[in-house]
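S.K.: Starting off with a structure, shown below.
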Amino acid sequence: MERIALVTGGTRGLGLAISLALREEGCRVAATYHRDEVAARQVAEQTGIAVFRWDVADAAACREGAAQVAERLGPVDILVNNAGITADAMFHKMDEEQWWRVMRTNLGSMFNVTRQVIEGMRERRFGRIINISSINGRKGQVGQTNYAAAKAGILGFTKALALENAARNITVNAVAPGYCDTAMVSVVRPDVLQAIVAGIPVGRLGTPADIGRMVVFLAREDAGFITGATFDVNGGQYLA
């Protein structure tokens, strides 16, 4: 698959697994990051993946960053909107900053980044857009009204954008990971994590590679009849 792939938040956790899986598939991969420059440089040095620093919540930064990717690698054929953050709190204790920071990063980035590549995809009559949602955007979660709302919003965005672009050979799908063995999950208290695993029918956390394989499948040219769909990769923990 000799395509240019852009993965936001692509230097750590699920994003890194996605970047690596696309690279193994034969793509030239650009991965964005925002804060952890040490980790990003290690990824670039160890894998050859091109890394770019910008804040996906900043529309101007996304315009500049997407232009840099196009100049260095070429026009983007595959976009994986993966970047996301949490700022958990019970809603009655949540402040505006916690709410809008998560909404701007997790949902606002869908516009900020996708808008930079969609016209080129339409002109070339090819594109694969994969948006990373979450099990908690499907079922909700205590203490995550901001995160769940943003991740649920991604599903509506995915369906509408899929309808708008289907005739241009551009597919738009979402992946909703369950609980995976990542740094974000590692900070959960051991007793809480044990209870989470007990509720997963396959009996384990997901791995970042599980998500990477799903994204690669959707990015392939022969996945062109699949669009507007959400794929739950959660070990059977939540069945929509």
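Every number in this text was worked out from the coordinates using simple rules, so none of it is lab data. No experiment lies behind these values; they were computed from the predicted model shown. Cβ atoms come from the backbone with ideal geometry, glycine included; neighbour counts cover every protein chain shown.
S.K.: Under the classification rounded if a/c is under 1.5, otherwise prolate if a/b is larger than b/c and oblate if not, where does the chain fall, given a ≥ b ≥ c as square roots of the Cα gyration tensor eigenvalues?
M.R.: Details: a/c = 1.43, a/b = 1.38, b/c = 1.03.
In terms of gyration-tensor shape, rounded.
S.K.: Tell me, what is the percent relative contact order of the chain, built from C-alpha pairs under 8 Å that lie six or more residues apart?
M.R.: Working: 479 pairs, mean separation 48.1, N = 240.
Result for the chain is 20 percent.
S.K.: Next question. How much length would be gained if the chain were fully extended between Asn169 and Ala67, taking 0.36 nm per residue of separation minus their Cα-Cα distance, in nm to one decimal? Don't skip to the answer; put the middle values down first.
M.R.: Values: separation 102, 0.36 × 102 = 36.72 nm, distance 2.28 nm.
Going from the current span to full extension adds 34.4 nm.
S.K.: What spacing in nm lies between the two simple spin-label points modelled at Arg122 and Arg189, each 7 Å away from Cα in the Cβ direction?
M.R.: If labels sit at Arg122 and Arg189, their model points lie 5.0 nm apart.
S.K.: Something else about it: Given N residues in the range 84-217, what is Rg(Cα) / (2.2 N^0.38 Å)? All intermediate terms of the calculation are to be shown ahead of the outcome.
M.R.: Values: Rg = 16.5 Å, N = 134, 2.2 N^0.38 = 14.1 Å.
Rounded to two decimals, the normalised Rg is 1.17.
S.K.: Report the extension gain between Ala240 and Arg220 in nm, rounded to one decimal, defined as 0.36 nm multiplied by the number of residues separating them, less their alpha carbon distance. Please list the in-between numbers first.
M.R.: Numbers: separation 20, 0.36 × 20 = 7.20 nm, distance 2.49 nm.
Length gained between Ala240 and Arg220: 4.7 nm.
S.K.: Dipole size in debye (nearest 20) for the chain around its Cα centre, Lys and Arg Cβ +1, Asp and Glu Cβ -1? Write down the numbers at each step before the final one.
M.R.: Details: 26 positive and 24 negative charges, 61 e Å.
It comes to approximately 300 debye.
S.K.: Looking only at the chain, where both bridge partners belong to it, what percent of the DSSP beta bridges are antiparallel (to the nearest 5)?
M.R.: On the way: 0 of 26 bridges.
Percent antiparallel among DSSP bridges in the chain is about 0.
S.K.: If you don't mind, there's one more thing I want to ask. Simple spin-label model, 7 Å along Cα-to-Cβ: Ala198 to Val38 in nm?
M.R.: If labels sit at Ala198 and Val38, their model points lie 3.7 nm apart.
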